[in-house]
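Step one of this worksheet: look at the structure below.
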């Protein structure tokens, strides 16, 4: 689910002010995982704008996962 930017800014501000992520999760009715992700994004990029991966980034990740999976299967089958 995509949240409005003002909401994504309000929640971390509440966490910073109170120091209570679990309480923020209850107050704003969102998962702690989401809050931690926003805090990490803010620390990494300095903002909470949506960061959409390009098709090339997604394809690269898919190829990486497929390669690792194939190697794992080969190791399991042939020792």
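Any read-out appearing in this document is the output of simple, stated calculations on the displayed coordinates, not a laboratory observation. Small disclaimer: the values here were computed from a predicted structure and weren't measured. So basically every Cβ, Gly included, is an ideal-geometry build from the backbone, and we count neighbours across all protein chains shown.
Some points to look at:
- Helix 32-45 and the long axis of the chain differ in direction by around 90°, with both axes built from C-alpha atoms.
- Gain upon complete extension [residue 71, residue 56; 0.36 nm per residue less C-alpha separation]: 3.2 nm
- Range of Cα positions in the chain per principal axis (Å), largest first: 56, 26, 21
- Rounded to 10°, Cα long-axis angle of helix 55-78 versus longest principal axis of the chain: 50
- Extending 7 Å from the Cα toward the beta-carbon at both residue 34 and residue 22 defines two label points whose distance is 1.9 nm.
- Between helix 5-18 and the chain: long-axis angle, C-alpha atoms, 0 to 90°, nearest 10: 70
- When only Cα pairs below 8 angstrom with a gap of at least 6 residues are kept, the range 1-48 shows a relative contact order of 36 percent.
- Computed [θ] at 222 nm, deg cm²/dmol, the chain (DSSP H ≥ 4; -39,500 (n - 2.57); rounded to nearest 500): -25000 deg cm²/dmol
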